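For reference, the structure discussed in these notes is given below.
The values are calculated or read from the model by the stated rules, or taken from the named source; none is laboratory data. Small disclaimer: the values here were computed from a predicted structure and weren't measured. Cβ: placed from backbone, ideal geometry, glycine included. Neighbour counts: every protein chain shown.
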Amino acid sequence: MSIEDKIKLFSMSHHMLERELDRVEQKFELDLQRDTSTQSSLDEAYYPQFDEAVRNEAAEMAVHYQLFYCLEKSIRQLVKGKMQAEHGSSWWGKTVPEPIRNNANDNMQKEIDSGVTPRSTDEIDYITFGELGDIVRTNWTTFSDTFNSQKAFTKIMSSLNVLRGPIAHCSPLAPDEVVRLQITLRDWFRLME
């Protein structure tokens, strides 16, 4: 086989592999993060301007941010889904305490007044993590079949809220707090057994 044929064969194999990976991503709704063109252009423009120690710290914190992002989004979806199923589409106005509704409305208005793209059309996306826990506690009968203990729920949500602070406010997590986050996440999933 000539060198040209080997190159063609390699190219075809690569193309077939890329197509198969596309199919797997689509079938299983995955993002294998193979397209780095957007990220690399951002990195080339801005990222190198930051101190190397800060960039290294950001890389270490990224996994904690992603984990908490997934957790918080899933909790918001769980709360919204359970409340809609139990109380209908007008659950927000009927079951959420007024101070929480007012805070959500204020936060929504701040975004409108700032001229930025709204993050969501759902009020639940404009409340704090702590207020999310307050909605569950206020409507415990709706969630008593999801969580095995209200006391444990309160304790775990409180721990998660404290751990969320450094993650959300760009501070590094101490090694002990990384372990605490992992244990608290285990506690969270055990709470739903």
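Details
- Looking across the stretch 137-151, the residues that are touching a Ser or Thr at 6+ places or on another chain (Cβ under 9 Å) and not in a loop (DSSP other than H, G, I, E, B) come down to Arg137, Thr138, Thr142, Gln150.
- For the stretch 147-186, a residue qualifies if it is of a type in the set (A, V, I, L, M, F, W, C), loosely packed, with under 14 Cβ neighbours inside 10 Å and within 14 Å of Gly133 (Cα to Cα), and exactly one does: Val162.
- Meets criteria (farther than 30 Å from Glu177 by Cα and free of Cβ contacts under 8 Å to residues at least 24 places away in the same chain) for Asp51: no
- Taken over the stretch 42-64, the criterion of being of a type outside the set (Asp, Glu) and either farther than 23 Å from Arg164 by Cβ or at pLDDT 95 or above (or both) is satisfied by Leu42, Ala45, Tyr46, Tyr47, Pro48, Gln49, Phe50, Ala53.
- Search result, residues across the stretch 116-136 that are over 15 Å from Met192 (Cα atoms) and either aromatic (Phe, Trp, Tyr) or assigned to a helix (DSSP H, G or I) (or both): Glu123, Ile124, Asp125, Tyr126, Phe129, Gly130, Glu131, Leu132, Asp134, Ile135
- Near pairs, Cβ below 7 angstrom, 6+ apart or cross-chain, from the stretch 157-178 (free of Cβ contacts under 8 Å to residues at least 40 places away in the same chain) to any residue that is in a helix (DSSP H, G or I) and of a type outside the set (D, E, K, R): Met157/Gly133; Ser159/Thr184; Asn161/Phe129; Asn161/Gly130; Glu177/Leu163
Here is a yes/no grid of residues against (1) surrounded by 13 or more Cβ atoms within 10 Å (Cβ to Cβ); (2) over 21 Å from Leu163 (Cβ atoms):
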position: Cys70; (1), (2): no, no
position: Lys80; (1), (2): yes, yes
position: Trp91; (1), (2): yes, yes
position: Pro99; (1), (2): no, yes
position: Ala104; (1), (2): yes, yes
position: Val116; (1), (2): no, yes
position: Ile127; (1), (2): yes, no
position: Asp145; (1), (2): no, yes
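- On inspection, Arg119 fails the criterion of being charged (D, E, K, R) and within 24 Å of Ser159 (Cβ to Cβ).
- Given (1) exposed (fewer than 14 other Cβ atoms within 10 Å of the Cβ); (2) within 21 Å of Gly133 (Cα to Cα); (3) among the β-branched types (Val, Ile, Thr), number of the condition Thr95 does not satisfy: (1)
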